[in-house]
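To start, the structure itself, in structure tokens.
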Amino acid sequence: MSTLSAAVVADRATTNADRPTGSTPLLPVVGSSLSVPLVTGDAVRYVNLDYAATAPALVSVAERVAQNLTYYSSVHRGAGWPSVVSTTLYEQSRETVAEFVGARPNDVVVFTRNTTDSLNLLASVVPQGCHVIHLDAEHHGNLLSWERCDHTVVAVRRDLKATLAALEAALAAASLRGAREPVPAMVAVTGASNVTGEALALAEIVALAKAHGARVAVDGAQLVPHRRVDMTALDIDYLAFSGHKLYAPYGTGALIGRRDWLDAGAPYLRGGGAVHEVDRSGTDWAEAPARHEGGTPNLLGAIAIAAACEALAALPEGSLQAHEHVLRSRLEAGLATLPDVRMLRIWPEDDVDRVAVVGFTVQGRDPQRVATWLSAEHGIGVRHGRFCAHQLVSVLAPLEGVAGIPSIGPTTTASANVPQALRASLGVGSTIFDVDRLVAALRQLSVSGEFWNYAKKDGQWVPSPDPRSWGPAGEYRDFVGPCRT
Ligand SMILES: Cc1ncc(COP(=O)(O)O)c(C=O)c1O
């Protein structure tokens, strides 16, 4: 049995539909029985609380990819049978994605690398003069992409109603701007915050936008893995998401949406496959999606993303939400018992739907050091830093959280000189036992502190010494580099 098959068999054995919600994974994921070393020399089951950054592969996704490797061949290039099969699998994957997100019949599914790529593609086809409106609470992928367009940034308010009113005012100003010569506008909004897990009020936002004749693009990076999104029912014009956050880690993301801009816009990735005809007098570009998918397509990425969509679509109605609700509630309740932990919320007073992503700080402690300690002494993986949402984290996690911890060495994004936070995120492979491990560890931190020594290296806290190693002969060590987010 191959290593992958063995891991898959072990991981598959971990779900049990008869147990109470949250006590077993909802779907088996690869790596759920992974054992990781601690600095003390022990090894423990890894608790992955970092799904929002990159989720583990579903076992069914890994199996589908492995099955189809036999036929792996060039897509849209070749008459050999494996090539014919590969082309069919690639195009079928597009249809599966379209169906999964409730796309309209004439919508286009463009395969990209990830959400960032999808949003950059969309920004590149937004017509001249179109005014893009977005919140400052966005992930950088849905913030920096629009810098090339005529755009307005709306500052998020601490209550949802006021935030929606500010969005509406920006929409009204954009329509006035186009009064003499009508220009389209578009609201680009995150489906769920990657810092707090709060889901945006999409129905209300779409209604506001449509009342002003504007389109709506949704950054679905954190929404699509947690909630069923129906583009037709919600009247969303564009949706972007990443395969690697949807249990499909083979390098593919997707942009789904209206054909007109995607057909009229400049080709995003120019090269083979994106054209009808090239001669010395010019190039006749293909329509979308081929227009934006120059070069050899990522077949395995497309197969993986489609397999993940199928697995999530096959879950009993409401089960994903119920599973995550149990885990998230338990996590929030557990963290609430720790006096030095403060959870981050954009709209603390509003009863806003939240996906299984919880941002928090630990009073008086550097988030990077806490994350390092959780890994080194407890085998728990969480995210720390600013989560590529610098503006939002600056508002929600002021520097009081790290007072008293001196910054040693060069200033980096991971130093104590910028607001930072921690984030625990869960998904279909998570259980209440994962949640309990985190809460117990943080309680121990507040009661008895750290056991090991920690020192700064290149601006990052690292265990000192760090006896852990990895690799066939234990040859790999010292991976720490500056935090890039
Ligand atoms: C809300 C949100 N948008 C966009 C992105 C960018 O996703 P990717 O890095 O896959 O392009 C992320 C990644 O964390 C995210 O959380």
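The values are calculated or read from the model by the stated rules, or taken from the named source; none is laboratory data. As the structure is a prediction and not an experimental result, all values here were calculated from the model. Backbone-built Cβ (ideal geometry, glycine too); neighbour counts: all protein chains shown. Just the protein is used for accessible areas: all its heavy atoms, side chains included, with ligands, DNA and RNA removed. Shrake-Rupley method; radii C 1.70, N 1.55, O 1.52, S 1.80 Å.
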> With respect to the numbered conditions (1) assigned to a helix (DSSP H, G or I); (2) under 30 Å from A376 (Cβ atoms), which one is the sole condition not fulfilled by V39?
Replying inline: (1)
> Counting just the residues of region 226-240 that are closer than 17 Å to L119 by Cβ and in contact with a helix residue (DSSP H, G or I) (Cβ under 6 Å, 6 or more places away or on another chain), which one comes out nearest to the ligand (Cβ to nearest atom)?
Replying inline: A240
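For (1) touching a strand residue (DSSP E or B) at 6+ places or on another chain (Cβ under 7 Å); (2) among the acidic types (D, E); (3) modelled with pLDDT of 90 or more, each residue gets a yes or a no:
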| position | (1), (2), (3) |
| --- | --- |
| A414 | yes, no, no |
| G429 | yes, no, yes |
| R443 | no, no, yes |
| Q460 | no, no, yes |
| A473 | no, no, no |
| Y476 | yes, no, no |
| G481 | no, no, no |
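Do we find a residue being of a type in the set (S, T, N, Q) and outside any strand (DSSP E or B) anywhere in region 234-248?
Within region 234-248 (the criterion being of a type in the set (S, T, N, Q) and outside any strand (DSSP E or B)), the answer is no, since none of the residues qualifies.
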> Residues of region 81-131 being within 16 Å of the ligand (Cβ to nearest atom), within 18 Å of A306 (Cβ to Cβ) and polar (S, T, N, Q), which ones?
Replying inline: T112, N114, T115, S118
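Conditions tested, residue by residue: (1) crowded, with 17+ Cβ neighbours inside 10 Å; (2) more than 30 Å from F360 (Cβ to Cβ); (3) not β-branched (V, I, T).
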position	(1), (2), (3)
G22	yes, no, yes
P25	yes, no, yes
S35	no, no, yes
H76	no, yes, yes
W81	no, yes, yes
>> Return the residues of region 415-452 that are over 25 Å from D466 (Cβ atoms), assigned to a helix (DSSP H, G or I) and open to solvent by less than 10 Å² (accessible area, probe 1.4 Å); say none if nothing qualifies.
In response: V435
>> Against the condition buried (at least 22 other Cβ atoms within 10 Å of the Cβ), more than 19 Å from D351 (Cα to Cα) and away from the ligand (no atom under 16 Å from the Cβ), how does L171 come out, does it pass?
In response: yes
> Looking at A166, A185, A199, A248, which one is in contact with a strand residue (DSSP E or B) (Cβ under 7 Å, 6 or more places away or on another chain) and buried (at least 23 other Cβ atoms within 10 Å of the Cβ)?
Replying inline: A185
>> Cβ-Cβ distance below 8 Å, separation of 6 or more or different chains: which pairs start in region 322-346 with a residue that is β-branched (V, I, T) and end on one that is assigned to a strand (DSSP E or B)?
In response: V341/F360; V341/T361; V341/V362; I346/E198
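Does A274 satisfy the criteria of being modelled with pLDDT of 95 or more, farther than 22 Å from N68 by Cβ, more than 16 Å from the ligand (Cβ to nearest atom) and buried (at least 19 other Cβ atoms within 10 Å of the Cβ)?
Yes; evaluated as a whole, the condition is true for this residue.
Only one residue in P267, P249, P297 is under 30 Å from A62 (Cβ atoms) and more than 16 Å from the ligand (Cβ to nearest atom). Which one? Break it down into steps so the answer makes sense when it comes.
Working: P267 fails: under 30 Å from A62 (Cβ atoms); P249 fails: more than 16 Å from the ligand (Cβ to nearest atom).
Answer to the selection: P297.
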> Of all the residues that make up region 344-369, how many are open to solvent by 10 Å² or more (accessible area, probe 1.4 Å), closer than 17 Å to A333 by Cα and not in a loop (DSSP other than H, G, I, E, B)?
Replying inline: 2
> From the list E204, E147, which one is part of a helix (DSSP H, G or I), more than 16 Å from the ligand (Cβ to nearest atom) and either among the acidic types (D, E) or in contact with a Phe, Trp or Tyr (Cβ under 7 Å, 6 or more places away or on another chain) (or both)?
Replying inline: E204
> For region 44-66, how many residues are farther than 16 Å from A302 by Cα, in a strand (DSSP E or B) and either open to solvent by less than 10 Å² (accessible area, probe 1.4 Å) or away from the ligand (no atom under 16 Å from the Cβ) (or both)?
Replying inline: 3
